[in-house]
Every structure is written in C-alpha cells, then in structure tokens.
Amino acid sequence: MRNLLTIILIAICTTIMAQEKRIYYYSNFVKTVILYKNGAKNVTNANYDIANRKLMFMQGEQLMELLAPESIDTLYMGGSRWIYNDKQFCEVIDREDGNRIFVGWHTTKVHEGYEGALGSISQTPSRKVQLGDQFGMGTIAGISGGMYNGTFGTNQYDGNGRNLDVWKIRNQSTYYFTKNGKEYALKGLKSIYKAFPEHKEQIKQFVKNNKLEMTNAENALRIIDYILTL
C-alpha cells in the first residue's frame, strides 16, 4: 500500500520555500478523491494553494506537494469538481442556465499597512485592530469557507498574539468558458472588451448598471453569464 501511494502520489516535501507564501482555498484540508487518467484512484486530505497554484496534501504530519498534475483527470475536493487545465487546477462551476465555467483561481496577498486608532492605514505600526483570518471572495456554488490565509510570512501581533496587520487579497483568477464553439480565457474587463468588441458597449453598460467588477468572483461569473446570452 505504501509503495502504491508513492507511485500514485508523486510528491515532494515542502520544506523548500514556495515562490509565494501560501493562500489556501479551503479553511482546512478536506477529503479529496483523486482520479488519474490511467484509472488509478486515491483518497487523501488536500487543499489548493491559490497563490502558487499547487495541490497540497497531508501525509501523516508532513505537508506534501503533488507533482505531475497533468496525470490527473479529476479531483473531487471539498464538494467541488476540479480539473487540470492550462497548467493549473480549475474549479468547475456549473451555472443555473446550463453553462459551464472553469475558474483558475490565482490570488496574492498584499500587505496594505497597519490600521491606526481612527481607522486610517499607515505604513508604520501604531495602535492596531484585530483582523479575522478569512480572506477572499466569499462562497461559490455552495462551497463554505471561501479562501483561507495559510502560512503567509511575518505578521504584526499585539501582546495577546492577535494578528493585527492589514492585508488585501488581489484576485488574478482566470475564467474559462466557451461561446459559439470558441474557447475563451479571460481575467479582467479589458480582456473581455478586447475579446468581444462587437458587444463592448453593451457589456460596459451592464457592468455599470449592476456595479460589477472582475476582482469579485461572483461579479465575474455574473458578467460571463451575461456575455453568454449575447
């Protein structure tokens, strides 16, 4: 069994530093079913690092990184389906109208500074307020927990050990969908306007009327839903 796990889960210990500090999609490591293209299957506890776009899992007490992701057909993780697409894992979002969107989650955590006594943000510590541990764009398609602040460098703490830094999540996710037989991979409004010049003004008006922005995941899905009706 141990040899089989070694073969199926080609992995390395993450004792080396990642390119960016980790931000996990789920607040905890969740039960994950991994289906491989060769028919193999494995069940483990995993989480998706959306900063580095890596699938992480626990083997005993050791945090591991899954390698050779191109050998995977489908992941069932945290109640959602994930596929490997465009060199990253994408969450499969089935919309109510029957359309399917792949979301290639990619976010980074940016340090904004420190919140002062009157709520202003400065670049030097002063009197600080406690912030919660949850970051991200909320829940999608019934998934609870949103995105989670994993181990992410050095934070400022008060005397009680509370995290008091001001952080902001920067959404750089890619949205994949098909319209009229053509596949699209879009990130922001500029890329949308460029991809659909004949509908640019209509889309602009829809975004303005509904106060939408691509940096919000739910907003982004609404914009794509609208595009698919044009």
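The values are calculated or read from the model by the stated rules, or taken from the named source; none is laboratory data. Because the structure is a prediction, the values reported are computed rather than measured. No Cβ is skipped: glycine too gets one built from the backbone with ideal geometry, and neighbour counts run over all protein chains shown.
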Seminar exercise, completed: Checked the stretch 185-210 for anything surrounded by fewer than 13 Cβ atoms within 10 Å (Cβ to Cβ) and either among the hydrophobic types (A, V, I, L, M, F, W, C) or closer than 22 Å to D97 by Cβ (or both); matches are E198, Q205, N209, N210
Exercise. Counting only residues that are buried (at least 16 other Cβ atoms within 10 Å of the Cβ) and hydroxyl-bearing (S, T, Y), which one in the stretch 211-230 is nearest to W105 (Cα to Cα)?
Worked result: T215
Exercise. Hey, does the stretch 66-74 have a residue that's in a loop (DSSP other than H, G, I, E, B) and surrounded by 15 or more Cβ atoms within 10 Å (Cβ to Cβ)?
Worked result: no
Problem set entry | Filter result (of a type in the set (K, R) and surrounded by fewer than 13 Cβ atoms within 10 Å (Cβ to Cβ)) within the stretch 171-184 | K182
For this session: For the stretch 137-230, please list each of the strands (runs of 3 or more DSSP E) lying entirely inside it that holds at least 1 residues being at pLDDT 60 or above and polar (S, T, N, Q).
Result: 165-171, 174-179
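Mind counting the residues in the stretch 17-65 that are outside any strand (DSSP E or B), over 17 Å from T108 (Cα atoms) and free of Cβ contacts under 8 Å to residues at least 40 places away in the same chain?
Initially, the stretch 17-65 is screened for residues outside any strand (DSSP E or B), giving 17-23, 25-29, 37-40, 50-53, 60-61.
Now drop any that are not over 17 Å from T108 (Cα atoms), which leaves 28-29, 37-40, 60-61.
After this cut, where a residue has to be free of Cβ contacts under 8 Å to residues at least 40 places away in the same chain as well, the list is 29, 37-40, 60-61.
The total comes to 7.
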